[in-house]
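Accompanying notes for the structure given below.
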Amino acid sequence: MVYGDNHVDPVRLFDPQHEVPPADALDLHFPVPTSLSLFGDAVARTPDMAHLLPKLGQVYENVLLATVVQVQRVCGYVVHPTYGQRAAARLAITAISENSVPNESIMRIHGHLYVGRTATSLADGQQHPVNLTWLRQFVRDVWTTYLGKLEEATSEEFGLVWGALPDNHPADREIVEPPFAPHVAQHAVPNAVVCPGRYGPLERVLADHQWRIGIAESQVRVQAERRQAG
């Protein structure tokens, strides 16, 4: 394996205008920080700001499409009988953005990246199983890039200022100007708000949840190392 050998364009898994995903597709779930949904909700409810809503939608679409590229680069591997567990491959992905979740009182902007369980090996052009263990683990790296792009794009387009909240991980940032951050706790939902998707039950991979698992594992390792050194 050589770095960059899977830096190719993925193919589309299905056309959402006319098709549905395969029954065994993965649904990679990418929500936005709660404060950005609150910003979108405020824009939608304020007549003088309503013209910003289509722009917010386009900004998010662009971030989500960039995330498709990142999933391909980070997770584009198949299990190959000759080339091993991480053979470079071209994934099949379809991205869909949505701004609501059933039974939620506020806007909930999020994206679904539907990924096929098989992909085309770049070595032999044949279909092989995607390395799902690798994908489930390293989607957390995609999550951090997604958040960075989201913050950069919304800061540039709308002048939003992001920052870490007290008692949160430094990378777990919300909008602090305008002051939406104080309202985040009011709209927080235990175990995160997860959209069931429009295609029925599919295996979900929660990108933010995987990232938090990685943070917790890292903290455990640091504590163990300190005890050993102590």
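Shape class for region 77-128, computed from the alpha carbon gyration tensor (a ≥ b ≥ c): prolate, with a/c not under 1.5 and a/b above b/c.
Taking the convex hull of the alpha carbon atoms in the chain, what volume per residue do you get, in Å³?
On the way: hull volume 36.3 nm³, N = 230.
Convex hull of Cα atoms, per residue: 158 Å³.
Spin-label point model (7 Å from Cα, Cβ direction): what's the residue 5 to residue 124 distance in nm? Calculated label separation equals 1.5 nm. Would you mind classifying region 121-169 by shape? Square roots of the alpha carbon gyration tensor eigenvalues, ordered a ≥ b ≥ c; an a/c under 1.5 is rounded, otherwise it is prolate if a/b is larger than b/c and oblate if not. In terms of gyration-tensor shape, oblate. Contact order, relative form, for the chain: 26 percent (alpha carbon pairs under 8 Å, 6 or more residues apart, mean separation divided by residue count).
Between 100, 35, 218, the GNM of the chain built on Cα springs shorter than 10 angstrom shows 218 fluctuating the most. Take the Cα radius of gyration of region 100-230 and divide it by 2.2 N^0.38 Å, N being the number of residues; the result is 1.31. The loop-placed GluC sites (Glu not before Pro) in region 38-106, going by DSSP, that have at most 15 neighbouring Cβ atoms within 10 Å of their Cβ come out as 104. Multiplying the residue separation of residue 227 and residue 169 by 0.36 nm and removing their Cα-Cα distance gives an extension gain of 18.7 nm. Residues considered: 120, 82, 144. Largest GNM mean-square fluctuation over the chain, using C-alpha springs under 10 Å, is found at 82.
Read the figures in this text as sums done on the coordinates, not as results from a lab. Note that the structure is predicted; figures quoted are calculated from it, not measured. Every residue, glycine as well, gets a Cβ built from its backbone with ideal geometry; the counts of neighbours run over all protein chains shown.
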